[in-house]
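Here the structure comes first, spelled out in structure tokens, and everything after it is commentary.
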Amino acid sequence: MDIFAHGLWAGAAAIGANRKLRTPVRPLWVVLWGVFPDLFAFTVPLALVIWQRVADPPQAVAEAGRHSMPHLSLAWDLYQVSHSYVVFGAAFALVWFFRKRPVLEMLGWALHVTIDIPTHTTRFFPTPFLWPVASFHASGISWGNRWFMIANYSALAFAYLLLWITRRREPKA
């Protein structure tokens, strides 16, 4: 799924969770954790591509050719780490250990991985949710399909409309 939709779904989940939980979560932090896996995987490789385009003369970039794409390899390696329930679980447990309480905002990261499993195909960044324990990938629907994007953003609009309609009324002082 695209990074903006991940952020919006994480925000909706945080708003909904705050209606049920005794300890509220901070929606902005849930959103940040919800986009973290993609930021982790793609920010550095994208910065390197931009730097190469700016710093190298155009003919040097053209001569390197499309077969020389170490940045894509780096993105794939980082993607393995950031899109794994195993890595998420270890990070979540480590933070819980040091903070002496679960940081529920980090569940935005788990939500991201969960959403990516059925919305990526094996042909384009399949979600390695069991890495490094297993290399199994599910092949789902490509989130880049126009019909899926329309359905996804329509569902997001509906979710936020529902959250708005059902919002709690603050008691008047």
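The values are calculated or read from the model by the stated rules, or taken from the named source; none is laboratory data. Since we're looking at a predicted model, the values are computed, not measured. In this analysis, Cβ positions are derived from the backbone assuming ideal geometry, glycine residues included, and neighbour counts consider all displayed protein chains.
Annotations for the structure displayed:
- Selection of segment 122-138 for residues being in contact with a His (Cβ under 9 Å, 6 or more places away or on another chain) and either crowded, with 21+ Cβ neighbours inside 10 Å or within 21 Å of G7 (Cα to Cα) (or both) yields F125, P126, T127, P128, F129.
- Elements of type helices (runs of 4 or more DSSP H) in segment 1-115, at least 3 residues being at pLDDT 95 or above and over 27 Å from I141 (Cβ atoms): 27-55, 85-99
- Qualifying residue in segment 98-114 (condition: of a type in the set (G, A, S), surrounded by 13 or more Cβ atoms within 10 Å (Cβ to Cβ) and in contact with a Ser or Thr (Cβ under 8 Å, 6 or more places away or on another chain)): no
- Residue check: I141 meets all listed conditions (1) in a loop (DSSP other than H, G, I, E, B); (2) surrounded by fewer than 17 Cβ atoms within 10 Å (Cβ to Cβ); (3) in contact (Cβ under 8 Å) with a residue 40 or more places away in the chain but one, namely (3).
- Residue match in segment 117-137 (condition: under 21 Å from N18 (Cα atoms), part of a loop (DSSP other than H, G, I, E, B) and among the basic types (K, R)): no
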